[in-house]
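The values are calculated or read from the model by the stated rules, or taken from the named source; none is laboratory data. In this text the structure is predicted, and so the values were computed from the model without any measurement. Reconstructed Cβ throughout: ideal geometry from the backbone, glycine too, with neighbour counts over all protein chains shown.
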Amino acid sequence: METQLGLAHLWQQGDFITRATALLLLGMSLLTWIVILVKAMNIVRFKRAARSARDFWHSEDFAAGLTKLGNSPDNPFRYLALEAREATAHHRNTRAHLHDTLDVSDWVTRCLRNCIDEFTASIQSGLAILASIGSTAPFVGLFGTVWGIYHALMAISSAGASTIDKVAGPIGEALIMTAFGLAVAIPAVLGYNALVRGNKWTLNQLNSFAHDLHAYFVTGSRVSPPGESSNVLPMKKV
C-alpha cells in the first residue's frame with residue numbers, strides 16, 4: 001500500500017496538467033528563495049554602508065570622509081556623496097544653460113533626489129515577483145488539487161470501487177497540491193514584508209544622509225542634531 005501513495009505515485013499517475021502545475025510551483029518556490037536571499041544580502045550590505053556613513057561626518061574633510069565610505073561602487077552613500085560633489089562643482093563652473101535659473105540649493109536637491117529615486121527603483125526590483133507569487137501560488141495549488149480530485153473521482157468511478165480505502169489515497173494525493181501552493185506562498189509573503197521593512201530603513205538612512213549632504217555643500221556644514229557639534233570642515237572649492 002505504501003508504494004501506491006506519496007509524491008512519487010502522484011507524479012507517476014498525474015497527467016500533463018498535474019505535472020506542469022507541480023513544476024510551476026517548484027519554479028515559483030526556487031524563484032522566491034533566490035529573490036529573498038539576494039535581496040537580504042543586499043540589505044545586510046547596505047546596513048554596513050549606513051554605519052560607515054555615520055563615520056563620514058567625523059572626518060577631517062570630504063576626502064577623508066570618502067575614504068571611510070570605502071571604494072565599493074555598490075555603496076549608495078558613497079555614490080550619493082560623489083554625485084552631490086559633482087553637482088555642486090558643475091553648477092559653479094557651468095556656462096549659461098536653462099538650469100542656471102536654479103540656485104545651487106535647488107540644483108543639488110534635484111541631483112540628490114534623482115540618485116535616491118534610481119536607488120529606490122533598484123532595491124525594489126524583484127519585490128513585485130514576491131508579491132505576485134505570494135498572491136497566486138495558493139490558487140495555483142488549488143487548481144492542481146481540483147484537477148487531481150477530478151481525475152481521481154473519474155478513475156474511481158470507472159473502477160467501480162467507492163470504499164474509503166480506495167478514495168482516501170487519490171484524494172489525499174490531490175490535496176498535496178494545495179499544501180504545495182501554501183508552502184510556496186507563505187515564504188513569499190513573509191519575505192516580501194521583511195524586505196520592504198529593510199528597504200524602508202535603508203531609504204530613511206539614505207534620505208537623512210542626503211539631507212546632511214545638501215546642507216554641507218550649500219552652507220559648508222552639516223545640519224547636526226541638538227547638542228551635537230559638527231566635526232566636518234567646509235569643503236574646499238573644486
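Against the test of being at pLDDT 80 or above, closer than 13 Å to Gly198 by Cβ and out of contact with any His (no Cβ under 8 Å at 6 or more places or on another chain), the options Arg45, Arg19 yield a single qualifying residue, Arg45.
Is at least one residue of region 61-68 more than 32 Å from the chain's Cα centre (by Cα) and at pLDDT below 85?
Yes, some residue in region 61-68 is more than 32 Å from the chain's Cα centre (by Cα) and at pLDDT below 85.
Hey, does region 188-209 have a residue that's small (Gly, Ala, Ser), part of a helix (DSSP H, G or I) and at pLDDT below 80?
Looking through region 188-209, none of the residues is small (Gly, Ala, Ser), part of a helix (DSSP H, G or I) and at pLDDT below 80.
Within region 69-87, which residues are part of a helix (DSSP H, G or I) and of a type in the set (D, E, K, R)? Spell out how you get there, then give the answer.
Here is the first cut: in region 69-87, the residues part of a helix (DSSP H, G or I) are 69, 76-87.
Correct list: Arg78, Glu83, Arg85, Glu86.
For region 175-201, filtering for residues that are buried (at least 21 other Cβ atoms within 10 Å of the Cβ) and under 20 Å from the mean Cα position of the chain (by Cα) leaves 6. Within the span defined as region 104-125, one or more residues are among the small types (Gly, Ala, Ser), at pLDDT 80 or above and part of a helix (DSSP H, G or I).
So that you can scan it fast, the table gives a plain yes or no per residue for (1) buried (at least 16 other Cβ atoms within 10 Å of the Cβ); (2) touching a His at 6+ places or on another chain (Cβ under 6 Å); (3) of a type in the set (A, V, I, L, M, F, W, C); (4) more than 21 Å from Trp201 (Cβ to Cβ):
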site	(1), (2), (3), (4)
Ser105	no, no, no, yes
Val108	yes, yes, yes, yes
Asn114	no, no, no, yes
Ala121	no, no, yes, no
Gly141	yes, no, no, yes
Val146	no, no, yes, yes
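Quick one: how many residues across region 126-159 are among the aromatic types (Phe, Trp, Tyr) and modelled with pLDDT under 85? Of the residues in that region, 2 qualify. The set of residues in region 27-53 that are surrounded by fewer than 16 Cβ atoms within 10 Å (Cβ to Cβ) and free of Cβ contacts under 8 Å to residues at least 40 places away in the same chain comprises Gly27, Leu30, Ile34, Leu37, Met41, Val44, Arg45, Arg48, Arg51.
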